[in-house]
Amino acid sequence: MTTRSVPPRQLWWLAAGFALWCSALAVLYAVHAIGCAFAWSAGPLRLGLALVLLAHLAAIGWMWRSLNEAGPGLELSRTDVFLHTVGVWSVVAAFVTTVLTLGPPLLLTMCM
Amino acid sequence: MSASADRPARGSPALRLHRELAAIWGTGPGLQRLAAVSHSIVGLRFMATAFVFFAIGGVLGMLTRVQLATPEATFMSPETYNQVFTMHGSMMLFLFAVPMVEGIAVYLTPKILGTRDFAFPRLTAYGYWCYLFGGTILTGGLLAGVAPDTGWFMYTPLSSNVYTPGINADVWLLGVTFVEISALTLAVEIVVSILKMRAPGMSLDRMPIFGWYMLTTALMMVAAFPPLILGSILLETERAFHLPFFDPTRGGDPLLWQHLFWLFGHPDVYIIFLPMAGVLSTIIPVFANRPLVGYPAIVVSIIALAFVSFGIWVHHMFTVGIPHLALAFFSASTAIVAVPTAVQVFSWLASLAHGRPRWDVPMLYIFGFFFVFAMGGLTGVMLAIVPFDWQAHDSYFVVAHLHYVVAGAFAFPMLAALYYWLPLLTGRKAVHRLSVPAFWLIFVGFNLTFFLMHLVGLRGMPRRVYTYRGGEGWLWLNLLSSVGGFIMTIGFALVVIDLLAQLRYGRRVRRDPWGAATLEWAMPIPPVPYNFASLPHIATGPDHAAPDGLAASLARGEGYLGFARNGWQETLGVHMTSGVPEQLIILARPTYLPLYTALATAAAVLSMLFHLYPLALAAALLVIGLFLLAAQSAGLSREYGLLPVGHGVSVPPHTEVAGSPPWWALIFTLVANGTLFTSLVFGTLYLWIAAPNWPPAETFAPDLRLAVITIAALAVAAVGARVSLWALAAGGMTRIWIGLAMLGLLVAIAADAALIAGVVPRPTEHALGATAAALLFYVALHAGIGLLFFVSNLLRLGAGLISPRRTVDLRLTRLWLDYTVLTGAIALGLVLALPSLVAILGARP
């Protein structure tokens, strides 16, 4: 291992997964509110919400895969290994959180 | 070793260094203490002031318990009771808990991270004075009988001027906003300081876990406080100028206030809890005699907690009529937030289980924390379940829950921290004969007071009632709860006596009395103004320092910056991730400017409170002038190039590097500003989709030509800022380009003002006009602040403080204008889109 400095921009990876969770929550809440206000049919509204959720899951999944493929690299420092580990597990936690908190509610009645 | 034995021997090189550094870093006696900017002094002031407000808030809490101890009590009138319980909550949350967190952060963080001070000492002092004056306004309102009386969360329409016509609500809105601005400035400072001002070699993986907690907490404050500040501004403008943001009869919506308040309010619970969790993660390994279990897992869980805590604000609004599907998002998120919390709890338990725990007073309080926090966490999960929340909402069950999670989970670790770090200040340890009974009185009193509130709540007692008849089955529970409150108060009084006794009779201790492994114990006891005579190099993992061995070496100046130079207050700026030294940061010396600026700010706030708007404007201009004056004394008068900092390392001063603290401070300020702007956009769209009485009777048609002129002029100003930076590097016409950019801003402000003047319906007639005016005012305000940036640039160019290698001023201006153009385009785009958005409202069923 060397002591090459990890670029500060890589710190964004620590927040990226949960930032997408926040985005998913906000967009789902907004689309649902608009759909109910304008009395959209339940089927298309549910489909729209599902697509929003899937898009976010795909984005978080892509981040998970990218981080895993990139790896900390043998030439990098233990700081890089640490930040990579924390980044990967943050993304994993965000993925699981997105599935558990935003998935099952989509099965409920739309606008009651 | 006694406290005095920690001082260098007389005549030694260490003593000479100590004298030189003390002369540079010290604060003068007497009235000169008012000019103090040292983080140690300001941090202690924060904590002491917070304790005073805690005492006042505690007395108010006791008064409510006296009132509720018996049925049909006439101890207080309903009007007085409303003020008392509102001020109890407001003081405990806004004037005690958050400022205490800030005080702990300000005092301890630089010491634990092995540096000499925070990045912006004058800002720290300004934050403290704002807090003190804001808190004094609120307390003054209480003494004058005009304290806020509509609950600590100020729900509209009760807090509107229709139902609360006096200045009671204004005292809250202006006083709390004043305090929140202080919190925001400190949050930015904490973030920048942790990221850029650690001990050399302290990479992020070697940073004490306390640093991760404080960094995350400060980032949460940066994002959480702006929605409340925006909400307070909107409500105050509704009360003062009749702009109907929350008035449903004119297109406003009271629920918008709830959204904005709880967007702040729920993360605030974690803003209070996380630093205390940081205290626990620091103290528990010391008493467990082993390193903390699961350092990376804790970092992940802190990140998860920070984000998820923002996504659960609606669980405070389960009963307002939101559709079930949307409630389910927030219900599930509220339940899942228990997971990262549990990761930390199990990490602490594992550390204790795998170590060789020893008992002392701090551990008693940690035991108390585990007990009350587990209880509060469990009732939190209960309240996360929507059907249960519908039953328990607005009952004393919720009061019990919030006291367990906010009061208990804050107070017990805070007292653990107090007993743990007090030897650092005093060189003495607690007198067990007092501290142990004090703990048990607090523990028993706390649980007696608040556990019974669960039961009285389940029996149907609502919150905020000033009395009850006595036949509801609430009598004995209330009486015992009040008795518990008095037992708890006796416990806290005993803690105060214990602390005073400790100062006089406590056992003298040697350095690092607990056998800790963090850097704050590697300094003289009590700490000296410069913290470390030289800065340590960190080459081991987190919380692996050996303070006892390190201290003497640092005192002899064997670390970095072990010398005095030019009378500068020097410390090191490091690379954000690796901790490699990359700049020499020269900090501000003691000055009265923060005090004067805070006094002028207080004058502006008080003038607004009494509707003396010309005076408020004059005071605001004075504040601006004082900030510009402060800017003139920042930086260095010439370029220095590389300067030696010890160990064969040379780095440039912070004025000559790209990533200096001011640069990062502006970035995080813009993050906070962006959160406020996003909240404003959210508010506009929320009213459009959810508020009653939309669309308005009059047609809204903003002038497209004026909007285009505004955005084009802003773009010209941003280009001017960019070119002025290039011109500086090329030795060209910097001032001319700045002048052109200023002209662009003036044109933008004029066009924007014309847009505001043409808003129909008038801002006082309908929320559509009010939100459009607010968006446009946001653009004008930022253009105006851009002008101030340029004025400062010109003054500093004239003073020779800006040169081709000292470009930070111009880069800050460029960044500000980039942000202004971006948000200006969004704001103007939304204003232009509003007619179309209003038109499609006709498609609603």
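Some observations on this one:
- FRET efficiency, 1/(1 + (r/R0)^6) with R0 25 Å, evaluated for residue B:249 and residue B:832 via beta carbons: 0.40
- Scoring B:283-296, B:785-798 by mean Cβ neighbours within 10 Å over their residues and listing the highest first yields B:283-296, B:785-798.
- Peptide B:331-337 shows a mean partner chain C-beta count of 4 within 10 Å per residue C-beta.
- Taking other C-beta atoms within 10 Å as the exposure proxy, B:102, B:558, B:72 rank B:72, B:558, B:102 from fewest upward.
- Scanning the protein assembly as shown for cysteines with no neighbouring cysteine C-beta under 4.7 angstrom from their C-beta gives A:22, B:130.
- Lys/Arg +1, Asp/Glu -1 at C-beta; region B:694-843 dipole; positive extreme among B:739, B:716, B:824: B:739
- Counting Cβ atoms of other protein chains within 10 Å of each Cβ in B:295-307 and taking the mean gives 5.
- For region B:439-516 versus region B:9-84, the inter-centroid distance based on Cα atoms is 21 Å.
- Using a simple spin-label model with pseudo-atoms 7 Å out from Cα toward Cβ, residue B:733 and residue A:96 lie 6.3 nm apart.
- Point-to-point label distance, residue B:371-residue B:136, nm (Cα→Cβ direction, 7 Å offset): 4.1
- Taking amide H atoms as placed 1.01 Å from N in the peptide plane, the amide H of residue B:395 lies under 5 Å from those of B:463, each 5 or more residues away in sequence or on another chain.
- Virtual spin-label span in nm between residue B:465 and residue B:55, 7 Å along Cα→Cβ: 3.5
- For the pair region B:526-599 and region B:321-389, the centres of their Cα atoms are 37 angstrom apart.
- Nearest-0.05 FRET efficiency for residue B:548 and residue B:34, computed from C-beta distance (R0 45 Å): 0.80
- Karplus-derived 3J(HN,Hα) values for region B:421-436, using 6.51 cos²θ - 1.76 cosθ + 1.60 with θ = phi - 60°, are 9, 4, x, 5, 7, 10, x, 10, 10, 5, 8, 4, 4, 9, 6, 6 Hz; glycine and proline are entered as x.
- Other protein chain C-beta atoms within 10 Å of residue C-beta, averaged over B:320-328: 6.
- Working ranking of peptides B:239-245, B:532-538 by packing, defined as the average number of other Cβ atoms within 10 Å per residue, highest first, is B:532-538, B:239-245.
- Residues in region B:334-364 reached by a label modelled at residue B:382 [backbone nitrogen below 16 Å; 7 Å Cα→Cβ]: B:335
- With R₀ set to 51 Å, the beta-carbon distance separating residue B:346 from residue A:38 gives a calculated FRET efficiency near 0.65.
All of the numbers you see were taken from the coordinates with simple rules; none came from a lab. Just so we're clear, the structure is a prediction, and the values are computed from it rather than from any experiment. Note: ideal-geometry Cβ built from the backbone for every residue, glycine included; neighbour counts use all protein chains shown.
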